[in-house]
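The values are calculated or read from the model by the stated rules, or taken from the named source; none is laboratory data. Source: prediction; values computed, not measured. Counting neighbours? That spans all protein chains shown, and the Cβs are built from the backbone with ideal geometry, glycine included. Accessible surface is based on the protein model in full, side chains and every heavy atom, while ligands, DNA and RNA are left aside. Shrake-Rupley method; radii C 1.70, N 1.55, O 1.52, S 1.80 Å.
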Amino acid sequence: MPGGDIAGEVPVTAAEKFVRGQRDTPAVTIWADTETDGLLAARATLRTGLMPLLARACMDALAAFPQLNSPVDADRQEVVRLPPAHLGFAAQTDHGLVVPVVRDAAGLCLDDIGTELRRLTALARSGTLPSDHLTGGTFTLDNYGGFEVDGAPRRSSTTPRPR
């Protein structure tokens, strides 16, 4: 590209997307203390982890309240109903936090969600997670348990990321 700098164009495009995301994504923070004896009993009975249980609960909640998985298209000024949720989840790696995406998580049973969470976490930690599993999430489940904190403010986004 004579006289041009493609590297200069990439940050501008990314910046435009960041600004649009900031403008179009509602800032939502919910702090709730809950009684978890039933959840912990289910974990022991079903012999599964907390993340698969929480992921399944989120998918059931999104099925009951699909508007929570529906972004607003500011240009068209309308709510966009998305197909079943693609679940992003926080996974800590040696290179920082990544958010792998479980495709069509709403259609998976508890055991399959657990299997997919473990598989994608292992791929992320080994540095071999395919890029198509880093985009397209419509709902994100965070996990701060390893940091011994109750949580952290973040922006809630149902805006699907390009695949």
Flag if L129 is modelled with pLDDT of 90 or more, open to solvent by less than 60 Å² (accessible area, probe 1.4 Å), part of a loop (DSSP other than H, G, I, E, B) and of a type in the set (A, V, I, L, M) | yes
The strands (runs of 3 or more DSSP E) lying wholly within region 29-112 that contain at least 2 residues that are under 27 Å from R125 (Cα atoms) and touching a Gly at 6+ places or on another chain (Cβ under 9 Å) are 87-89, 91-93
V101 fails exactly one of the following numbered conditions: (1) farther than 13 Å from R56 by Cα; (2) surrounded by 21 or more Cβ atoms within 10 Å (Cβ to Cβ); (3) out of contact with any Ser or Thr (no Cβ under 8 Å at 6 or more places or on another chain). What is the number of that condition?
-> (3)
Is one or more of the residues making up region 74-89 within 25 Å of R20 (Cα to Cα), in contact with a Leu (Cβ under 6 Å, 6 or more places away or on another chain) and at pLDDT 85 or above?
-> yes
Filtering region 43-90 down to residues that are under 24 Å from R118 (Cβ atoms), β-branched (V, I, T) and open to solvent by less than 80 Å² (accessible area, probe 1.4 Å) yields T48
Of (1) modelled with pLDDT under 95; (2) out of contact with any Asp or Glu (no Cβ under 6 Å at 6 or more places or on another chain), R119 satisfies every one except (1)
Is it true that some residue in region 105-116 is out of contact with any Pro (no Cβ under 9 Å at 6 or more places or on another chain) and small (G, A, S)?
-> no
